[in-house]
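The block underneath contains the structure these notes are about, expressed in structure tokens.
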Amino acid sequence: MELEELINGGWGRHEAETEVVARELEEHVGLVSDSGQAAAFSALASHAVGEHLRDWGRAASLIKEVTKGLADDPALTSSLILLGIAQEFAEDAEGAAQSFERARVLARNDDLVEVRTRLARASAYMGVGTKEQLQSEHRRAMEVVNGMQDTASVDRLVAIISNNLASHLMEQAELTREEADGMLWIAGVAKDAWTRAGDWVNHERADYLIALAHNRISQWSEALAAADAGLATIAANGEEEIDEAFLLLARAQALRGSGDEEGTGEALERADALAAPWDGGLKEWYDTVRARALEAPTWEPA
């Protein structure tokens, strides 16, 4: 097996075949030969073995093994941070402290290390922590980001992790008013970061996230505005039929929630026309999201 196959295949299968992916990582540690490869390997190990299997000791062992013997290099920083987080959640406080300190020495940028560490911890809290812990770590990361003169080194990571955190909060069965406000704020952070670090596709997808977040708490007019902003971005820049269809579903849900049945039908008709040629997993995903859009339940704070 080649390393690219291991990593790409692992990300593609880690939710359905988590244990299989974990064993493959253990079997193929030797494929990693430099810091860049270690970063890709460590990210998958942390997510699949730590966050999904919740076996942080096993994740720490994997990341420690893959970084062993590699020369000191700033590119090793991300792996060391993920190692520190895995050790922290495995209750190896001494090992975590050593990993974080080595990361600081290599990065020569305390702000970057703190932001990456807090975002990695927030991500881990999706599996083993509370919503309050998740949001607190994200807020503290953003306090550091907001004090940085140049955020280019962290913008993409902020965007990706914020997107994941907001999506996670949306899937929770219950949200308090404070948690809902935090979800909206995190979705807004993702959009701001993608504005700095991404292209127009990232921008319209950020608007989709915001539309979903507002729909989750029955803020129909705000959701409609975000969905329309995403659709306008696509119209102004090119074609992205899959994203357009899902934005139309978000639009349909906002219109259904606000009582506009005619508008709901029009949005669904346009979305269905785009999705008509689809099959397999994509069509199943579409059908699931479409059914959810038709529900448009009224949110009540927990």
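The values are calculated or read from the model by the stated rules, or taken from the named source; none is laboratory data. Predicted, not measured: the structure shown is a model, and the values here were computed from it. Using ideal geometry, Cβ is built from the backbone for each residue, glycine included, and neighbour counts are taken over all protein chains shown.
Structure notes:
- Restricting region 1-46 to residues that are of a type outside the set (Asp, Glu) and outside any helix (DSSP H, G or I), the residue that is surrounded by the most Cβ atoms within 10 Å (Cβ to Cβ) is VAL32.
- Hey, ALA226 within 16 Å of the chain's Cα centre (by Cα), touching a residue at least 24 places away in the same chain (Cβ under 8 Å) and surrounded by 24 or more Cβ atoms within 10 Å (Cβ to Cβ) or not: no
- Of all the criteria given as (1) touching a Lys or Arg at 6+ places or on another chain (Cβ under 6 Å); (2) at pLDDT below 95, the one not satisfied by ARG118 is (2).
- The set of residues from region 254-302 being surrounded by 13 or more Cβ atoms within 10 Å (Cβ to Cβ), farther than 20 Å from GLU239 by Cβ and of a type in the set (Ser, Thr, Tyr) comprises SER258, THR264.
Okay, residues lined up against (1) in a loop (DSSP other than H, G, I, E, B); (2) in contact with a Lys or Arg (Cβ under 7 Å, 6 or more places away or on another chain); (3) more than 15 Å from ALA291 (Cβ to Cβ):
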{"residue": "GLU239", "(1), (2), (3)": "yes, no, yes"}
{"residue": "LEU248", "(1), (2), (3)": "no, yes, no"}
{"residue": "ARG251", "(1), (2), (3)": "no, no, yes"}
{"residue": "GLY259", "(1), (2), (3)": "yes, no, yes"}
{"residue": "GLU266", "(1), (2), (3)": "no, no, yes"}
{"residue": "ARG270", "(1), (2), (3)": "no, no, yes"}
{"residue": "LEU274", "(1), (2), (3)": "no, no, yes"}
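- Check on ALA159, farther than 15 Å from ARG216 by Cβ and at pLDDT 95 or above: yes
- TRP278 assigned to a helix (DSSP H, G or I), of a type in the set (Phe, Trp, Tyr) and free of Cβ contacts under 8 Å to residues at least 40 places away in the same chain: no
- Tally, over region 47-76, of residues that are within 15 Å of ALA103 (Cα to Cα), touching a residue at least 12 places away in the same chain (Cβ under 8 Å) and not in a helix (DSSP H, G or I): 4
- Per the listing ALA39, ALA16, the residue uniquely in contact (Cβ under 8 Å) with a residue 12 or more places away in the chain and not aromatic (Phe, Trp, Tyr) is ALA39.
For (1) modelled with pLDDT of 95 or more; (2) loosely packed, with under 14 Cβ neighbours inside 10 Å; (3) of a type in the set (Asp, Glu), each residue gets a yes or a no:
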site: VAL49; (1), (2), (3): yes, no, no
site: HIS52; (1), (2), (3): no, no, no
site: GLY57; (1), (2), (3): yes, no, no
site: LYS68; (1), (2), (3): no, yes, no
site: ALA75; (1), (2), (3): no, no, no
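- The criterion of being under 23 Å from ASN202 (Cβ atoms), small (Gly, Ala, Ser) and either touching a Pro at 6+ places or on another chain (Cβ under 7 Å) or part of a helix (DSSP H, G or I) (or both) does not hold for ALA291.
- Of residues in region 148-192 being surrounded by 15 or more Cβ atoms within 10 Å (Cβ to Cβ) and of a type in the set (Asp, Glu), the one nearest to MET126 (Cα to Cα): GLU179
- Options ALA213, ALA187, ALA223, ALA232: the member that is of a type in the set (Gly, Ala, Ser), farther than 22 Å from ARG292 by Cβ and in a helix (DSSP H, G or I): ALA232
- Looking across region 16-57, the residues that are among the hydroxyl-bearing types (Ser, Thr, Tyr) and within 12 Å of LEU82 (Cα to Cα) come down to SER42, SER46.
- Filtering region 115-133 to residues that are surrounded by fewer than 23 Cβ atoms within 10 Å (Cβ to Cβ) and either more than 18 Å from ILE186 (Cβ to Cβ) or hydrophobic (A, V, I, L, M, F, W, C) (or both) leaves MET126, VAL128.
- Listing of helices (runs of 4 or more DSSP H) fully contained in region 80-158 that carry 2 or more residues being touching a Ser or Thr at 6+ places or on another chain (Cβ under 8 Å) and either closer than 24 Å to HIS168 by Cβ or among the β-branched types (Val, Ile, Thr) (or both): 110-128, 131-146
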